[in-house]
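Below you'll find the structure, written out as structure tokens, and then a few comments.
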Amino acid sequence: MKTPFLTLTVTVIFCISFCNAQKSNKKPNVIYIMTDDHAAQATGLYGGRLANLNLTPNIDKLGKEGMVFENCFVTNSICTPSRASIITGQYSQTNGVLDLWGDLDVEKQYLPMEMKKMGYETAIIGKWHLHNEPVAFDYYKVLPGQGKYFDPEFREKGKGTWPDNIVKYQGHVTDVVTNNVIEWFDNRKETEKPFFLMYHFKAPHDMFEFNPKYANYLKDVHIPEPESLYNQPFWGSEATRGKNDSLIHDIGSSISSRHRNRNYVDIYKTGDRPTEKEATSAAYQEYLKRYLRCVKGVDDNLGRFFEYLKNNGLWENTIIIYTSDQGMMLGEHDMEDKRWMYEESIRMPFIVHYPKMVTAGTSSDELINNTDFAPTIIDMAGGKVPDYMQGKSMERIIKKGKDKHWRNYTYYRYWMHMIHHDIPAHFGLRSKDYKLIFYYGKYHDLEKEGSLTMYWNDEDHSNKVLPTPVAWEFYDLKNDPYELTNAYKNAKYKKVIAEMKTQLKIERRVLNEEDEKYPFLQEIIEGHWND
């Protein structure tokens, strides 16, 4: 006969074991943090000329305590298409968002939909920029379009009917977004449920309207300058320079006074310097310091947010991802903005912090891209990656450091031919050692071709959206990491280029990127494939 004491002991042991099992099986929380246009080279983690400036101590610490992905790339380096790929796990022609004006159908808000299926409470706070209401989230408070840096407005769920559900705040948007994130945590009702939060900053998107408290940050510091800002005789092609440099004043908005319609010598009025180089240097210093002051604001806010998580018991069981929607040209090749397939434009930071799975201080050089973000989050949360997603889960890499079945190439495509920053349409392929780019030089909407760039409002400061020269570029990234020499016509690389062209065709077919809706583009591509 069992004694009451023995029965009680067995019961207590069972309850403790059951509770511990329940605790160990609890789904991880997920916080996805994303900035806008934060280039990997503007951190301390990724090396480069800015690394010693100690720009991002909190982001750097997160990386050192987690895993850093050294080769994270965007598939279409512009805000709306990149965000569509992140939410859907799909490339642009599959999700239907090719450019800034593309609307992502509400039924394609796949990532929050999949997380809700697994029992997650879902929320997005900050920049959305996908036009339609983010209906798949349990809660949202998002900036209209680009949003404003100062005294921002948000559209908030439960405050009326979209798009009139406006709430207003005072202050700098970087602080306001973080305040709202913390307020969301403080007001959560169903705290027993795991959460999936997308925490999106507007910064450091141009025009770099930093918080005034950072006005003296880097004031007396000389920011290192890239050599290609001034000198790159072997870079580019007829597609990016024109025959005999005939298009250098029309293609690619610039730091120097090179570009006739948009350049930072004019914007920052540094043209009164004694020499052109001094004028360019002064514009560069102002451009970088304003940008980096916005980055500083993000990093400081993340510091206080991370402290909040630690103080509220949310640090250990939360997957934290830090990344950006794309990179940014910071004067390299005398360029600004993004869009290009050059390294600084397409590479962004990607950090995963999760003590229960991720070994601190690790890194990976596998080629990942933004279509992989959603599959990875779903997989790490214990779900099954849906077949309709084209990206791949990185969970095996995160756990093991390698995945023998991982991709050897990442595909890129920019559609907005000669719009806003006068960058020709192009696509290409990047491996760990090489990059192949094809500039097909034509806008995909024939009805709009010939119009103004839609950025400038008057004839005197606008280029037309017209065809530009077709050309190939090839860069040996191992020996030429700053892409200073277009080696496409170098016989030494003939075999490598042929192999990459073959793979490029395969990637375009597999990823539904063959331009079936645009036969006039297919004709250009086929006609110049063997140039």
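The values are calculated or read from the model by the stated rules, or taken from the named source; none is laboratory data. Small disclaimer: the values here were computed from a predicted structure and weren't measured. Quick reminder, even Gly has a Cβ in these numbers, built from the backbone with ideal geometry, and neighbours come from all protein chains shown. All accessible areas refer to the heavy atoms of the entire protein, side chains included, with ligands and DNA or RNA removed. Shrake-Rupley method; radii C 1.70, N 1.55, O 1.52, S 1.80 Å.
Taking the conditions exactly as written (in contact with a His (Cβ under 8 Å, 6 or more places away or on another chain), over 30 Å from residue 445 (Cβ atoms) and either of a type in the set (A, V, I, L, M, F, W, C) or open to solvent by 10 Å² or more (accessible area, probe 1.4 Å) (or both)), does residue 62 satisfy them or not? It is true that residue 62 is in contact with a His (Cβ under 8 Å, 6 or more places away or on another chain), over 30 Å from residue 445 (Cβ atoms) and either of a type in the set (A, V, I, L, M, F, W, C) or open to solvent by 10 Å² or more (accessible area, probe 1.4 Å) (or both).
Taken over the stretch 396-435, the criterion of being among the aromatic types (Phe, Trp, Tyr) and open to solvent by less than 10 Å² (accessible area, probe 1.4 Å) is satisfied by 411, 412, 414, 415, 427.
Tell me, please, whether a residue that is modelled with pLDDT of 95 or more and in a helix (DSSP H, G or I) can be found in the stretch 23-40.
Here is the first cut: in the stretch 23-40, the residues modelled with pLDDT of 95 or more are 27-40.
The next check asks that each one be in a helix (DSSP H, G or I); those that pass are 40.
Within the stretch 23-40 (the criterion being modelled with pLDDT of 95 or more and in a helix (DSSP H, G or I)), the answer is yes, since at least one residue qualifies.
Determine, yes or no, whether residue 468 is under 19 Å from residue 76 (Cα atoms), surrounded by 14 or more Cβ atoms within 10 Å (Cβ to Cβ) and of a type in the set (S, T, N, Q). No. The strands (runs of 3 or more DSSP E) located wholly in the stretch 107-177 that include 3 or more residues which are crowded, with 22+ Cβ neighbours inside 10 Å occupy 121-127, 139-143. Of everything in the stretch 251-278, what is under 23 Å from residue 482 (Cα atoms) and in contact (Cβ under 8 Å) with a residue 40 or more places away in the chain? Give them in sequence order. The answer is 251, 252, 253, 254, 255, 256, 258, 259, 264, 277.
Residue by residue, here is whether (1) over 25 Å from residue 254 (Cα atoms); (2) at pLDDT 95 or above; (3) out of contact with any strand residue (DSSP E or B) (no Cβ under 8 Å at 6 or more places or on another chain); (4) of a type in the set (Ser, Thr, Tyr) holds:
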{"position": "272", "(1), (2), (3), (4)": "no, yes, yes, no"}
{"position": "284", "(1), (2), (3), (4)": "no, yes, yes, yes"}
{"position": "290", "(1), (2), (3), (4)": "no, yes, yes, no"}
{"position": "301", "(1), (2), (3), (4)": "yes, yes, yes, no"}
{"position": "310", "(1), (2), (3), (4)": "yes, yes, yes, no"}
{"position": "319", "(1), (2), (3), (4)": "yes, yes, no, no"}
{"position": "349", "(1), (2), (3), (4)": "no, yes, no, no"}
{"position": "360", "(1), (2), (3), (4)": "yes, yes, yes, no"}
{"position": "367", "(1), (2), (3), (4)": "yes, yes, no, no"}
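Of the residues making up the stretch 484-501, those that are open to solvent by 20 Å² or more (accessible area, probe 1.4 Å) and assigned to a loop (DSSP other than H, G, I, E, B) are 484, 485, 486, 488, 489, 490. Hey, can you tell me all the residues within the stretch 89-106 that are under 15 Å from the mean Cα position of the chain (by Cα), open to solvent by less than 20 Å² (accessible area, probe 1.4 Å) and farther than 20 Å from residue 385 by Cα? If the condition is that a residue be under 15 Å from the mean Cα position of the chain (by Cα), open to solvent by less than 20 Å² (accessible area, probe 1.4 Å) and farther than 20 Å from residue 385 by Cα, then 99 is the only one that fits.
Name the residue that is surrounded by the most Cβ atoms within 10 Å (Cβ to Cβ), counting only residues in the stretch 212-238 that are farther than 30 Å from residue 170 by Cβ and among the aliphatic types (A, V, I, L, M). Among those that are farther than 30 Å from residue 170 by Cβ and among the aliphatic types (A, V, I, L, M), it is 229.
Please determine whether any residue of the stretch 410-432 is within 30 Å of residue 261 (Cα to Cα), part of a loop (DSSP other than H, G, I, E, B) and in contact with a helix residue (DSSP H, G or I) (Cβ under 8 Å, 6 or more places away or on another chain). Yes, the stretch 410-432 contains a residue that is within 30 Å of residue 261 (Cα to Cα), part of a loop (DSSP other than H, G, I, E, B) and in contact with a helix residue (DSSP H, G or I) (Cβ under 8 Å, 6 or more places away or on another chain).
If a residue must be surrounded by 18 or more Cβ atoms within 10 Å (Cβ to Cβ) and among the charged types (D, E, K, R), how many such residues does the stretch 508-531 contain? Residues in the stretch 508-531 being surrounded by 18 or more Cβ atoms within 10 Å (Cβ to Cβ) and among the charged types (D, E, K, R): 3 in total. Evaluated against (1) more than 25 Å from the chain's Cα centre (by Cα); (2) under 21 Å from residue 335 (Cα atoms); (3) open to solvent by 60 Å² or more (accessible area, probe 1.4 Å), residue 481 falls short on exactly one condition, (1). Being out of contact with any Cys (no Cβ under 9 Å at 6 or more places or on another chain), among the polar types (S, T, N, Q), open to solvent by 40 Å² or more (accessible area, probe 1.4 Å) and at pLDDT 95 or above: is that true of residue 180 here? So residue 180 does not fit the description; no. Taking every residue in the stretch 194-222 that is over 27 Å from residue 78 (Cβ atoms) and pairing it with any residue that is part of a loop (DSSP other than H, G, I, E, B), at least 6 positions away or on another chain, the pairs with Cβ-Cβ distances below 7 Å are 194/27; 194/28; 194/119; 194/120; 195/120.
Do you know which of the residues in the stretch 239-257 that are of a type in the set (Gly, Ala, Ser) and open to solvent by 20 Å² or more (accessible area, probe 1.4 Å) is nearest to residue 416 (Cα to Cα)?
If we take residues in the stretch 239-257 being of a type in the set (Gly, Ala, Ser) and open to solvent by 20 Å² or more (accessible area, probe 1.4 Å), then 246 is nearest to residue 416 (Cα to Cα).
Within the stretch 185-206, restricting attention to residues that are assigned to a loop (DSSP other than H, G, I, E, B) and more than 23 Å from residue 382 (Cα to Cα), the residue that is farthest from the chain's Cα centre (by Cα) is 189. Could you list, in sequence order, all residues of the stretch 110-130 that are farther than 25 Å from residue 338 by Cα and not aliphatic (A, V, I, L, M)? Correct list: 110, 112, 114, 116, 117, 119, 120, 121, 122. Every condition in (1) outside any loop (DSSP other than H, G, I, E, B); (2) touching a Pro at 6+ places or on another chain (Cβ under 8 Å); (3) under 21 Å from residue 423 (Cβ atoms) holds for residue 287 except the one numbered (2). With respect to the stated conditions, residue 389 fails to be surrounded by 23 or more Cβ atoms within 10 Å (Cβ to Cβ) and over 17 Å from the mean Cα position of the chain (by Cα). At least 3 residues being surrounded by 23 or more Cβ atoms within 10 Å (Cβ to Cβ) and not basic (Lys, Arg) is the threshold, and among the strands (runs of 3 or more DSSP E) wholly inside the stretch 318-382 those reaching it are 318-324, 350-353.
Residue-by-condition table, conditions (1) touching a Leu at 6+ places or on another chain (Cβ under 8 Å); (2) not hydroxyl-bearing (Ser, Thr, Tyr):
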residue: 395; (1), (2): no, yes
residue: 399; (1), (2): no, yes
residue: 431; (1), (2): yes, no
residue: 440; (1), (2): yes, no
residue: 445; (1), (2): no, yes
residue: 467; (1), (2): no, yes
residue: 477; (1), (2): no, yes
residue: 482; (1), (2): no, no
residue: 486; (1), (2): no, yes
